[in-house]
Every structure is written in C-alpha cells, then in structure tokens.
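For reference, the structure discussed in these notes is given below.
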Amino acid sequence: MKTQRYLKSLIAFLFLICVFGVSFFSGTAAVKTYKIATTTSIYDSGFLDFVTPAFEKKNKVKFNFISVGSGQAVKIFKNGDADGIIIHEKSFLDELKKEKLINSYTAFVSNYFVLVGPKDKKDLFKKVKSIQEAFVLIRKNNFKFVSRADNSATYIRELEIWKLSKLKPNFDGYIKSGQGMGMSLNLANEKKAFILTDEATFYKMKNKLDALDVIYQNPNDKVLENIYYFAYSPKKMQLSKFASYLKSKEFKNLVNSFNQKFFKKEVYRIVK
Amino acid sequence: MLANVVLSTLVVCIPSTFLAVLIGVPAGYFLKIKRFKYRKIVIRVVYTLSGLPPVLAGLLVYILLSRRGPFGFLDILFTKWAMIVTQVILIIPIVTLYTLAGLKNIDSVLDNLDYLSMKGRRKYIAIVREYSKEIVYAIVLGLSRAISEVGGVLIVGGNIEGSTRILTTAIIFEITKGEFSNALMLGAVLLAISFTFNTILQILQGDVFD
C-alpha cells in the first residue's frame, strides 16, 4: 500500500501549497492601498463601506479601514501606522494639527448624539427640556447608566454633559463597559440602562435592542452634535483627492441613498 | 465575502502553524536531549509562555512592528504577516512543550540509532519517523490554538475587510454589531474547518505513519 501512502501525503502537501499560493497574492492587485484608522461608529454602521467603493474604483485605490475607538485611532495615526484618519472628536484633530501631523481636516457628515434608555421609563422624561436635565434625573434616581468609559469621542462627549449638568458620574447605577458602541448598546439593552449613543448606530441596531428607545434628542443642541472629520498625513498628499470627494455631489447622493436604504430617514447629514 | 474570510483564516493559520512546528519541534528535541546550565529555567520559561495571553503577544508584536517601533521599517503592521508573526510566537511554546513531553524513550532510541551507526540526516529522519505520531499531535495542538485565537490577531491585524478579517475576528465584529445569528453561523464554519483539519491529520496519523 505504499502508493496510497504517498498519494495521501501528496494530497496533503498539495493542499498546503494551494493555500500558500492563493495567500498573499489574492487581492493585492496593482492598486495603491491606504490604511485609514476610523472610529467604530461610522464604520460599524456600514457607512464607509457604502460610500467608498465608487471612489476606490474610479481612482484605482483601495482603502483598508481599521475600526477602533477614537483614542486608539489617533494613536495609530500618530505612530504613522495609518495614512488617514476619520474621527468625531475635534480636539484630537486640533492636537494633530498643532503637532503638524496633518495640514487640515474635512468635516463631511454629521448625525446627533441621543440619550436612549428603557422604554418603560420614557414617561418620566416627558417634561425634560435639555440633555443636562435628563442626566440630572438619571443621577437623582440612581438609574442604571452605561458609560463606554474608553477614550472614545462618545465618552468624551458624555463627560462634557456630566460637567455641564454640574454632576459627577459616581453613583451606583453607573456602569463602565469599556467597550465599543455596539457592545455597550447590547449591555444597556440587557441591563435596561440609559446610554448616550449616536443616532446611526442606534437605529442600525434598533431591532435587536428591544428594551431601548430614544429618551431625549435635540437637533438644536450643539453639545449633541456629532460631526465626522477626515484628515490625512501630509506625506500622503494623494489623499487630498478623497477629501474633495467627500465634498462632491456624488458623495452627497450616496449619503442620501444610504439613509434611505437603512434608516428611511435622514440620519447622516451632509456638513456644508 | 465568507469565502474571503475563510481563505484569510487558512492563509494565516496554516503557515503560522507550519513555521511554529518547524521551530518548536527541533527546540523541544534540543531541550530534551542536551544538558546545559540554565536548562531547567528555560523549560520553565517555555511552560510559562505556553500560556501566554494572546492579547499580550498581540500588544508586544504591535509595539515591535509599529512604524515607531524597532521593526517599523518592515511596514507589515495591519497585514497578514503581522498576524502570522503573532501566532507563531503563541504556538512555538506549545509545540516545544509537547515535543518535550512526547519524546519518551528518546535515549534508548538514540542508543539504537548509535548501534546501527546512523548519523546526520539519516538519524534525524529515523527520529522523525519514530515520533511521527507525536509530531502530528503537536501540529494538531498548534493548529487548534491558531484557529481559535482572536485577541492577538485582532490587535495586530486590525480586522480589515478583505485582508486581515479572519473567522474569529469576524465573529467579534458581528457580535459588536449585535448580529448574533451571523456570528453563530461563522462559528459553525470555524468548527467545520477545525473538524476537517483534524480529520485530515487523523488520517495522516493513522494510515500514513502506522
């Protein structure tokens, strides 16, 4: 049975070779690849994967998105491990600008932060006039509140609101998840807790978050505005093309069709 | 999309296991038969490293491969290469440790080979033959670790769609989006691949080497 023996090792060997062969050469065509560190919210909502292919195809480039929290995204960019960055915390970008790691940044879409929480507590918040008031009410009643407690833009904004409402988030109901937006929403849903989140992520996941509903929203409040920015390394000037694409009519149309397809209403808004 | 994720999984896990076995088996053999000053301490280190937390390995590789790190010039962070490096680091101690434990009666085997006056390459081929079952088992262990690992490859790979997204990191990604049924489906695929590998290796172990 010697032949059978060798046949089997041969099959195993060929299998290995095949895997090796297809490996690194697949997908590494002659297009220029750029790594873009992005915040989780705008990537996990599917937005970036929806609006970039048209640009990639036309300009023969490929974007590799690394979706992490804003804090980590900045770190990755600072270390030079990414060519561009998409985040929604302006102070981080101003810092990068000061350090001359970027020349400028482009605001391209926005949505709003909303307070979501357990459906059965919605009535309690009917008379609430501002996000600060809502936070005060949560703190006063010691309701459960999930905080991402990471270095993310959402968390920074949450802390800002606590500060505006002149309260410290140090009550029993305050849960620090230390995880991304999606996971934190899941946690809030299981614990029937309140949480500050961006509209897009919430609406995208809404059918899985049966216990939660929007408790407070206010499109006119600046503190709840959530603007996404794109910036790139001066060493990668070719990316300026992408920055101008984000201001083009084609991009606007794509944003509209994304809204229609997934939300049936305007969630991502073009920033002028 | 799924095909791409599966392919990436294979492309990362098979070479990393292969490399780890290539390094780990000789290392285990060396530790078993050679007597040197700090042998016991080295073995203890190998024991410890066999339980190295993947996230720690990921962090270390990340720091080394980052553009600001000592190996930044390689420019392989957030590529499959970085994932392979991480997994090789994780698997080598496991393979080494198993080889160390698996080489029972090696002294008498070596005595016999000496008696037959086998030397050099022929001697090592004979040893590999004698312990083929143990080596295949070491491969199984390494592959299992590689295929189920997620913490390290997520850090150094970045979970980039179409490039560094493998089954385990894709599962995490689906969970963060709350898509539990997708995650479960990917988990089933992962188990199926693991089952296939183990079947192939078992056939090799049973039929080819017996």
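List of remarks:
- For first residues located in the range A:62-79 and more than 9 Å from every other protein chain (Cβ to nearest Cβ), partners that are surrounded by fewer than 19 Cβ atoms within 10 Å (Cβ to Cβ) and lie 6+ apart or on another chain with Cβ distances below 6 Å form the pairs A:G69/A:N151; A:G71/A:N151.
So that you can scan it fast, the table gives a plain yes or no per residue for (1) in a helix (DSSP H, G or I); (2) within 14 Å of chain A (Cβ to nearest Cβ); (3) modelled with pLDDT under 90; (4) within 17 Å of the chain's Cα centre (by Cα):
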| site | (1), (2), (3), (4) |
| --- | --- |
| B:I94 | yes, no, no, yes |
| B:Y98 | yes, no, no, yes |
| B:A126 | yes, no, no, no |
| B:L141 | yes, no, no, yes |
| B:I155 | yes, yes, no, no |
| B:T168 | yes, no, no, yes |
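- Qualifying residue in the range B:35-42 (condition: away from every other protein chain (no Cβ under 13 Å) and touching a residue at least 40 places away in the same chain (Cβ under 8 Å)): no
- The helices (runs of 4 or more DSSP H) falling completely within the range A:43-92 that include 2 or more residues that are assigned by TED's automatic domain parsing to the domain that holds A:K247 and over 18 Å from A:T201 (Cα atoms) map to A:53-59, A:70-78.
- Per-region count, the range A:109-165, residues under 18 Å from the mean Cα position of the chain (by Cα), open to solvent by less than 30 Å² (accessible area, probe 1.4 Å) and among the polar types (S, T, N, Q): 5
- Yes/no for B:E179 being within 12 Å of another protein chain (Cβ to nearest Cβ), open to solvent by 30 Å² or more (accessible area, probe 1.4 Å) and either closer than 30 Å to A:G180 by Cα or not hydrophobic (A, V, I, L, M, F, W, C) (or both): yes
- Selection within the range A:188-218: residues that are polar (S, T, N, Q) and more than 12 Å from chain B (Cβ to nearest Cβ). The member of this set that is least open to solvent (accessible area, probe 1.4 Å) is A:T197.
- Meets criteria (in contact with a Pro (Cβ under 7 Å, 6 or more places away or on another chain) and either outside any helix (DSSP H, G or I) or hydrophobic (A, V, I, L, M, F, W, C) (or both)) for B:L90: yes
- Counting only helices (runs of 4 or more DSSP H) that fall entirely inside the range A:144-227 and contain at least 1 residues that are of a type in the set (V, I, T), the qualifying elements are A:153-164, A:199-205.
- Residues (under 22 Å from A:T33 (Cβ atoms) and among the aliphatic types (A, V, I, L, M)) located in the range B:32-63: B:V61
- Every residue from the range B:128-139 that is touching a residue at least 60 places away in the same chain (Cβ under 8 Å), of a type outside the set (F, W, Y) and more than 13 Å from chain A (Cβ to nearest Cβ): B:K133, B:I135, B:A138
- The range A:37-61: number of residues that are farther than 18 Å from A:F262 by Cα, more than 13 Å from chain B (Cβ to nearest Cβ) and of a type in the set (A, V, I, L, M, F, W, C): 3
- Among the residues here, A:A82 does not qualify as more than 14 Å from chain B (Cβ to nearest Cβ), open to solvent by less than 50 Å² (accessible area, probe 1.4 Å) and small (G, A, S).
- In the range A:45-78, the residue that is surrounded by the fewest Cβ atoms within 10 Å (Cβ to Cβ) out of those that are within 20 Å of B:I166 (Cα to Cα) and polar (S, T, N, Q) is A:N64.
The values are calculated or read from the model by the stated rules, or taken from the named source; none is laboratory data. Computed from a predicted structure; not experimentally measured. A quick note on method: Cβ atoms are made from the backbone with ideal geometry, for glycine too, and the neighbour counts reach across all protein chains shown. Please note that ligands, DNA and RNA were not included when accessible areas were found on the heavy atoms of the full protein model with its side chains. Shrake-Rupley method; radii C 1.70, N 1.55, O 1.52, S 1.80 Å.
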